[in-house]
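These notes concern the structure reproduced below.
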Amino acid sequence: MAILYRCRTPTDYLCACGKVARRLRRADIDYEEIRVPVQRRHRDEIDELTGQRWVPVLDEVIHDSRRILEYIDWVESSCPAA
């Protein structure tokens, strides 16, 4: 199961975090959401994982909505549906 660290925006249509969440659902990838504090200075957990304080972050490894979407596309193309 993937872990998506994302902002506290209540909808999936206002930010890059929501765009990633929508794409994960569309790709049928199970994930857990961890909502981080609004202010970047309070995102110590994200800083420890990635060395930066921006979200979204997927699985402690990929941090940038464009890169995460590229990764999801790659997963979809390399894993044919059962």
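Please treat every number below as a calculation from the coordinates, not as lab data. Small disclaimer: the values here were computed from a predicted structure and weren't measured. Positions of Cβ are backbone-derived with ideal geometry, glycine not excepted, and every protein chain shown enters the neighbour counts.
Segment 1-44 to segment 48-65: how many Å between their Cα centroids? Segment 1-44 and segment 48-65 have Cα centres separated by 11 Å. Taking the longest Cα principal axis of the chain as reference, the axis of helix 16-26 is set at about 30 degrees. Using only side-chain charges placed at the Cβ, +1 for Lys and Arg and -1 for Asp and Glu, the dipole size of the chain relative to its Cα centre rounds to 500 debye. Distance between the 7 Å Cα→Cβ label points at Tyr13 and Asp59: 3.0 nm. Taking the longest Cα principal axis of the chain as reference, the axis of helix 65-78 is set at about 20 degrees. Phi angles of segment 32-42 translate, via the Karplus equation with coefficients 6.51, -1.76, 1.60 and θ = phi - 60°, into HN-Hα couplings of 10, 9, 10, 7, 9, x, 5, 7, 4, 5, 9 Hz per residue; Gly and Pro are given as x. For segment 43-51, the Karplus equation 6.51 cos²θ - 1.76 cosθ + 1.60, evaluated at θ = phi - 60°, returns couplings of 9, 4, 4, 5, 4, 5, 6, 10, x Hz by residue, with Gly and Pro reported as x. Taking Rg/Rh (Cα atoms, Kirkwood Rh) as calculated from this structure, the corresponding entry among (1) 0.97; (2) 1.21; (3) 0.93 is (1).
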